[in-house]
1. Mind giving me the FRET efficiency for R92 and H320? R0 is 41 Å, r the Cβ-Cβ distance, nearest 0.05 is fine.
2. For R295 paired with Q154, estimate the spin-label separation in nm (one decimal), with each label point 7 Å from Cα along the Cα-to-Cβ line.
3. What nm distance separates the two modelled labels at Q228 and D248, each placed 7 Å from Cα along Cα→Cβ?
4. Give the separation of the Cα centroids, region 292-320 to region 84-103, in Å.
5. Label A108 and V307 with points 7 Å out from Cα along Cα→Cβ: what is the distance between them in nm?
Amino acid sequence: MKRWVRRERVLIFLVIGMLTNIRGRETYYNDCCEQKCRTFRSLYKTSDYPGSRPDLLSIRQLSDVIGPALLVISPGRSGSSFICDVLSSHFRGMSGEELLGKSGIQQARLDHPPLYTLQQQLTALRFLNKNDCPFVGGKWKPYNWSSGYVEALQWTKTANIPVVLSYRNILDECISRVAHNMHAVPRQCLNNGKEEKLRGCLRRAHSRVTIDLDLLERQLQAADMVRQETSRAIREADVQPLTMRYEDWAVGAEDQRIAAVQRVVSQLAERLHLAAPNVTAASIASQYTRTTPDRQSDRVRNYGEMVARLRGTPYEVYIH
């Protein structure tokens, strides 16, 4: 009887401890959010935005609050999560957070202007990270280049926030997007407990697909337009991004990938007035695993039809 009572008391204390810990985390999170909102709004002359714009002093204050930051501009299915993960090995605190929405539809429906949203997102990351991570940053999908988004891009130059522009072979990007939309992750893959089995299952499930060629052609036209609009916005904002090709840092021999990442990391460190980190094989290893073959013929089941369809078009140069 005494032994049972003792066990019951231990169980009660464990439950109380767990609830106290959860409550403590919740209070910490709420305090961070409240402090973040209060500090962010205080940098504006009024708290009602739009209508108020930060003056130069406010911009300096906001830069001090955010601290060192990085941005990766990359369209979907171009390895943006991969590159953010690799950069976080050298600039701790860099995240794969989507700062301005995951799609053009989300970007068109922002509750606040893009500049305000970008500043608020970076401020939120800083306060949630506290002093644990020296850097903050995330991803920017370039699907909307209206004047508000160009204004947000111009602000990154004012705030001394380096921008990395990551892009990929446009045909590979569109093949990956069409295949991604065609296939969800199979249920049997989710039931494979070990990570090695999960990766093998995903490779088998997504190894080859039959591409809808009409859809692929529309995707190519849309992706080409996104690139043209991104180039225009960069010129208009007078920003000089660092460029990274997916094929350089994610595909090929290890020494070539290390050299590609080292080049960009060194340039980022120079812009941030820091010593350049040393890139190694371990530092470019990512938690994300490529599940698509390098060759298009191994990826697309109707590869011959795709080649015939793209012959004589501007996209023929991307066939490999």
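Computed from the coordinates by the stated procedures, all read-outs in this text should not be read as laboratory data. None of the values given here were measured: they were computed from a predicted structure. Quick reminder, even Gly has a Cβ in these numbers, built from the backbone with ideal geometry, and neighbours come from all protein chains shown.
1. 0.70
2. Modelled inter-label distance: 5.0 nm.
3. 2.5 nm
4. Cα centroid of region 292-320 versus Cα centroid of region 84-103: 31 Å apart.
5. 3.8 nm
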